[in-house]
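Here's the structure we're looking at; comments come further down.
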Amino acid sequence: MCLEYIVHPISVARLVMEKNAAYCIAGSGALEFALANGFKKENYDAGKRKIWKEWLHSSKYEPVINSENKKYSSVNKSI
């Protein structure tokens, strides 16, 4: 849980489960476990953050109300 700098954290979770299913590790302890078991620390977030920021400036994201809420909002307006 809360594992940063590991590209495939689910692989670390599986290894924890295989070694001892009774444990749950998080944060720096999870990172330490991953590094001790051969996983490499990577700063993979930088490229994704850049893509996300570019998307923020160019996006035309306009969320719409889902169908369930749309029904209720039209009923509430008439009240």
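Annotation: of all residues in region 24-66 being polar (S, T, N, Q) and open to solvent by less than 70 Å² (accessible area, probe 1.4 Å), the one that is modelled with the lowest pLDDT is 59.
Of the residues making up region 1-45, those that are among the basic types (Lys, Arg) and assigned to a helix (DSSP H, G or I) number 2. Summed over region 15-44, residues that are in contact with a Phe, Trp or Tyr (Cβ under 9 Å, 6 or more places away or on another chain), free of Cβ contacts under 8 Å to residues at least 24 places away in the same chain and acidic (Asp, Glu) total 0.
The values are calculated or read from the model by the stated rules, or taken from the named source; none is laboratory data. Note that this is a predicted model, so its numbers are computed, not measured. Quick reminder, even Gly has a Cβ in these numbers, built from the backbone with ideal geometry, and neighbours come from all protein chains shown. Please note that ligands, DNA and RNA were not included when accessible areas were found on the heavy atoms of the full protein model with its side chains. Shrake-Rupley method; radii C 1.70, N 1.55, O 1.52, S 1.80 Å.
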